[in-house]
Amino acid sequence: MSQLFVDHGYEVDTAATGMEAIEKVKNGTFDIAVMDLYMPLMNGYEAARHIRALPEPRCKDIPIIA
């Protein structure tokens, strides 16, 4: 999936687990998050809820596509 975005000129960062995705969003700047709903350790639904609960305003507004 990430290659599709790269082929269209986007910069891509990946996470193997929901917990890793939360850390990356918390510590980085992203225009959008594309979330796998069935990631190991924490699924995409739960990771999205955690991202929305982060105190940084930019994390509350990032579009999340599942």
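The values are calculated or read from the model by the stated rules, or taken from the named source; none is laboratory data. Here the structure is a predicted model, which is why all the values come from computation and not from measurement. Cβ sites come from the backbone with ideal geometry, for glycine too, and all protein chains shown count toward neighbours.
What helices (runs of 4 or more DSSP H) lie completely within the chain and have 2 or more residues being without any contact (Cβ under 8 Å) to a residue 40 or more places away in the chain and among the charged types (D, E, K, R)? Before the answer, list the steps.
On the way: elements: 2-7, 18-27, 44-53, 57-61.
Passing ranges, in order: 18-27, 44-53, 57-61.
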| Residues of region 49-66 that turn out to be surrounded by 11 or more Cβ atoms within 10 Å (Cβ to Cβ), more than 19 Å from residue 12 (Cβ to Cβ) and modelled with pLDDT of 90 or more, as a count | 4
| task | Could you tell me which residue of region 14-48 is surrounded by the fewest Cβ atoms within 10 Å (Cβ to Cβ), considering only residues that are among the charged types (D, E, K, R) and under 15 Å from residue 65 (Cβ atoms)? | result | 31
